[in-house]
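A short worksheet on the structure shown next.
The values are calculated or read from the model by the stated rules, or taken from the named source; none is laboratory data. Quantities reported herein were computed from a predicted structural model and do not represent experimental measurements. Here the Cβ positions follow ideal geometry from the backbone for every residue, glycine too, while neighbour counts run over all protein chains shown.
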Amino acid sequence: MSKNPTLLEVSGVSVTFDGFRAINNLSFQIGSAELRAVIGPNGAGKTTMMDIITGKTRPDTGKVTYGRPGKNLLKMNESAIARVGIGRKFQRPSVFESQTVFDNLIMALKKSRSPLDVVFYRRDDSDVSKVEKLAAEIGLADQLQRLSGELSHGQKQWLEIGMLLAQDPQLLLVDEPAAGMTPEEREKTTDILRKAAETRAVVVVEHDMEFVRRLDCRVTVLHEGAVLAEGSIDHVTQDQAVIDVYLGR
Amino acid sequence: MERSFLIRQPSVLIFIGLLALFTIGATILSEGFGLGLISTSFIKTLGKTLCLCLIALAMDLVWGYCGILSLGHFAFFGLGGYMIGMWLMYARTEQIVINSLANAPLPPTSGEIRDAIGSQIFGVVGGSEIPTIWTFAHSFPIQLTLVVLVPGLLALVFGWLAFRSRVTGVYLSILTQAMTLALALYLFQNDSGLRGNNGLSGLQNIPGASNVSQDTISIWFLWASALALGLGYLFAAWLVSGKFGSVIRAIRDDETRVRYLGYSVEAYKLVVFVITAVIAAIAGALYYPQAGIINPAEIAPIASIYLAVWVAIGGRGRLYGAIIGAAFVSLISSWFTSGQVPDVPLGFYTVKWVDWWLVLLGFGFVLVTLYAPKGLGGLFDRLVRRQDA
Ligand SMILES: Nc1ncnc2c1ncn2[C@@H]1O[C@H](COP(=O)(O)OP(=O)(O)O)[C@@H](O)[C@H]1O
Ligand SMILES: [Mg+2]
């Protein structure tokens, strides 16, 4: 563990929606360069957990700290959290459909976000080549000038992952990236995510066991807003509690 | 390297060219400088129309590009008009007073001059004191600065409060309506310091140019309005052509997603809101000297709703759409309401266009919304594309 210091620490977090406890005293940690899968049945609180980390939902109790020295994420808004290096991919693909793939990526590229700098921003060759390199990684090299609304579902998912990579975050939160993908597309998605995790932390929420198995990483099982089990995929699939609530059904 | 926005957006040069042709053409046909085929009052209508095109351009930036349906931008337009109107009225009254006291046995003191100006301007609201807000009315450069500063500051404070609390959509529209209504109601009061419902008048008389005819002044303002519109168009096209344009269109389409890219959505909205308020104010400052009078009814909530209708009819998010909408609707509107259109006698009822024009406009709005959702500008796009093919 000393080689991989903690990047994100969630401790004792609880959230209640209208009396319903969606997250219940949740604690876990993510290391600086690790790939982590989070699984759990529908309604387990996976998306809500991401909402808390990214500042969309404020927890009732608990702490969320990031980086070293630990910054308190609960005091920051969504855009500030994104700027310290946390990127997020939503469950449904959300790219800006009325703009080209190129413009989507340029917007995401790690640069000053202040309005004044953006007004006077003119792209240079190095930015263009960064975008072209990214597009090649996500398999959209020949689609740069297309409107992103015209892309297939899988391509939109990749574009969104590409936008995340363009932000160059230290922590990447990816919500159900493989939903609605063909088997070949899934395989490619696994490759992209595994490669991304070589230099940063990547947390993947997924439903599909096969997909998680292919990611070949540490797995956290969520249930009713708390961690039910954690370990290798073989470890958690043999855990009796996990079998009872999730796999057994 | 990135190509210039002028090359990427050919519509900019086409627009500037057409605007120049239009302005030169109107001048050649005018009474002031040319053949006398266009009356001075119609030159003023054309100049005012250019100012309305400029505020429509601002509306397209804030609504069509950034997705903020502001129904209050005429408040900024009106404030711009009031700020320049204060100088026009004060400086001209001062001249009149000095001239009329010139033959007095003793030269008038500056206090006497001030008193005379005060009772000339504020007599109608039963006062003769010059209110504090008129402190700088004697100074053209200061009032010109206030044209930008006062509406800009109002937009900054209002926008900061509204966007910080994440008021969006229809709630924001209602809030902007409340803002313009509140301002209008305040100005309607006699003790607002701006002559209540009388407003400011005689604005067509330019101080220091009392021996220049209105024929000539109307041409000056036509050119000034055309220049402002041309520069405004260039500025708007430049602003939306780069990454800033990408970001604000992204905010329009999905502002939550933009936050997770690390952009402070509130700051961007505020910037766009303030910039467009200032453009609206400049348009107003050029409009009212041509109209000759400004009163609080000009910034009634309905005015800003019309503005949104023009931009919707012209087509949002393409700049020239807003221009087409504003020019088309406001010119037709002034034609219908001028009484020049013959009434239609149906025997049992006579259709008077002065009254029925609004029904026609409403009907047109519904038709455009249903059958040409991209507006008149969208039809224009289709024509151009067909020629390309
Ligand atoms: N904004 C909200 N208001 C009310 N209930 C919510 C809200 N967000 C999530 N929930 C509830 O919290 C639970 C966890 O949801 P979610 O995190 O989306 O689950 P998962 O992503 O694991 O399927 C669900 O029961 C859901 O209905
Ligand atoms: Mg979910």
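Identify, please: which residue in region A:4-17 is surrounded by fewer than 22 Cβ atoms within 10 Å (Cβ to Cβ) and more than 17 Å from A:Leu171 (Cβ to Cβ) and is, among those, nearest to ligand 1 (Cβ to nearest atom)?
The residue in question is A:Phe17.
If you check B:Gly196 against the conditions, is it in contact (Cβ under 8 Å) with a residue 12 or more places away in the chain, of a type outside the set (S, T, N, Q) and over 22 Å from B:Ala297 (Cβ atoms)?
For B:Gly196, the condition - in contact (Cβ under 8 Å) with a residue 12 or more places away in the chain, of a type outside the set (S, T, N, Q) and over 22 Å from B:Ala297 (Cβ atoms) - is not met.
Tell me which helices (runs of 4 or more DSSP H) are completely within region B:227-328 and hold 2 or more residues being basic (Lys, Arg) and facing chain A (nearest Cβ under 9 Å), or say none if there are none.
Passing ranges, in order: B:243-260.
Any residue at all in region A:153-174 that is within 16 Å of ligand 1 (Cβ to nearest atom) and closer than 23 Å to A:Arg83 by Cα?
Yes, region A:153-174 contains at least one residue that is within 16 Å of ligand 1 (Cβ to nearest atom) and closer than 23 Å to A:Arg83 by Cα.
Looking at region A:185-203, can you tell me whether even one residue there is within 16 Å of ligand 2 (Cβ to nearest atom) and more than 14 Å from chain B (Cβ to nearest Cβ)?
Checked region A:185-203: at least one residue is within 16 Å of ligand 2 (Cβ to nearest atom) and more than 14 Å from chain B (Cβ to nearest Cβ).
Cβ-Cβ below 8 Å, separation at least six or inter-chain, first residue in region A:114-128 and closer than 13 Å to A:Phe102 by Cα and more than 7 Å from chain B (Cβ to nearest Cβ), second among the aliphatic types (A, V, I, L, M) and outside any loop (DSSP other than H, G, I, E, B): which pairs?
That search, which allows pairs on different chains as well, returns A:Asp127/A:Ile106.
When both residues are 6+ apart or on different chains and their Cβ atoms are under 6 Å apart, which pairs have a first residue that lies in region A:90-103 and is in contact (Cβ under 8 Å) with a residue 12 or more places away in the chain and within 14 Å of ligand 2 (Cβ to nearest atom), and a second that is in a loop (DSSP other than H, G, I, E, B) and of a type in the set (D, E, K, R)?
A:Gln91/A:Glu176
Kindly establish whether B:Ile130 is in contact with a Lys or Arg (Cβ under 7 Å, 6 or more places away or on another chain) and at pLDDT below 95.
yes
Across region A:53-65, what is the number of residues that are touching a strand residue (DSSP E or B) at 6+ places or on another chain (Cβ under 7 Å) and either within 14 Å of chain B (Cβ to nearest Cβ) or surrounded by fewer than 17 Cβ atoms within 10 Å (Cβ to Cβ) (or both)?
Number of matching residues: 6.
Conditions tested, residue by residue: (1) surrounded by 23 or more Cβ atoms within 10 Å (Cβ to Cβ); (2) more than 18 Å from the chain's Cα centre (by Cα).
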| site | (1), (2) |
| --- | --- |
| B:Glu255 | no, yes |
| B:Val258 | yes, yes |
| B:Val265 | yes, yes |
| B:Phe273 | yes, no |
| B:Leu286 | yes, no |
| B:Pro296 | no, no |
| B:Ile302 | no, no |
| B:Ile305 | no, no |
| B:Val309 | no, no |
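Filter region A:46-83 down to residues that are closer than 17 Å to A:Ala201 by Cα, within 16 Å of ligand 1 (Cβ to nearest atom) and assigned to a loop (DSSP other than H, G, I, E, B), then give me how many there are.
Counting residues in region A:46-83 that are closer than 17 Å to A:Ala201 by Cα, within 16 Å of ligand 1 (Cβ to nearest atom) and assigned to a loop (DSSP other than H, G, I, E, B) gives 1.
Residues to consider are B:Ile84, B:Ile68, B:Ile121; find the one that is touching a Lys or Arg at 6+ places or on another chain (Cβ under 9 Å) and at pLDDT 95 or above.
Answer to the check: B:Ile68.
Considering (1) in contact with a Gly (Cβ under 8 Å, 6 or more places away or on another chain); (2) in contact (Cβ under 8 Å) with a residue 60 or more places away in the chain; (3) within 23 Å of A:Gly45 (Cβ to Cβ); (4) away from ligand 1 (no atom under 15 Å from the Cβ), say which one A:Val202 fails and leave the rest.
A:Val202 satisfies all of (1) in contact with a Gly (Cβ under 8 Å, 6 or more places away or on another chain); (2) in contact (Cβ under 8 Å) with a residue 60 or more places away in the chain; (3) within 23 Å of A:Gly45 (Cβ to Cβ); (4) away from ligand 1 (no atom under 15 Å from the Cβ) except (1).
Name the single residue, out of those in region A:36-45 being surrounded by 23 or more Cβ atoms within 10 Å (Cβ to Cβ) and either within 14 Å of chain B (Cβ to nearest Cβ) or not in a loop (DSSP other than H, G, I, E, B) (or both), that is farthest from ligand 2 (Cβ to nearest atom).
Looking at residues that are surrounded by 23 or more Cβ atoms within 10 Å (Cβ to Cβ) and either within 14 Å of chain B (Cβ to nearest Cβ) or not in a loop (DSSP other than H, G, I, E, B) (or both), I get A:Ala37.
Does region A:18-32 contain any residue that is within 24 Å of B:Arg164 (Cα to Cα) and surrounded by fewer than 15 Cβ atoms within 10 Å (Cβ to Cβ)?
no
Can you tell me how many residues within region A:211-243 are within 15 Å of ligand 1 (Cβ to nearest atom), assigned to a loop (DSSP other than H, G, I, E, B) and among the small types (Gly, Ala, Ser)?
Of the residues in that region, 1 qualify.
Out of all the residues in region A:55-78, is one or more within 14 Å of ligand 2 (Cβ to nearest atom), within 28 Å of A:Val13 (Cβ to Cβ) and of a type in the set (Val, Ile, Thr)?
yes
Is it the case, given these coordinates, that A:Ile81 is at the interface with another protein chain (Cβ under 8 Å from one of its Cβ atoms) and aliphatic (A, V, I, L, M)?
It is false that A:Ile81 is at the interface with another protein chain (Cβ under 8 Å from one of its Cβ atoms) and aliphatic (A, V, I, L, M).
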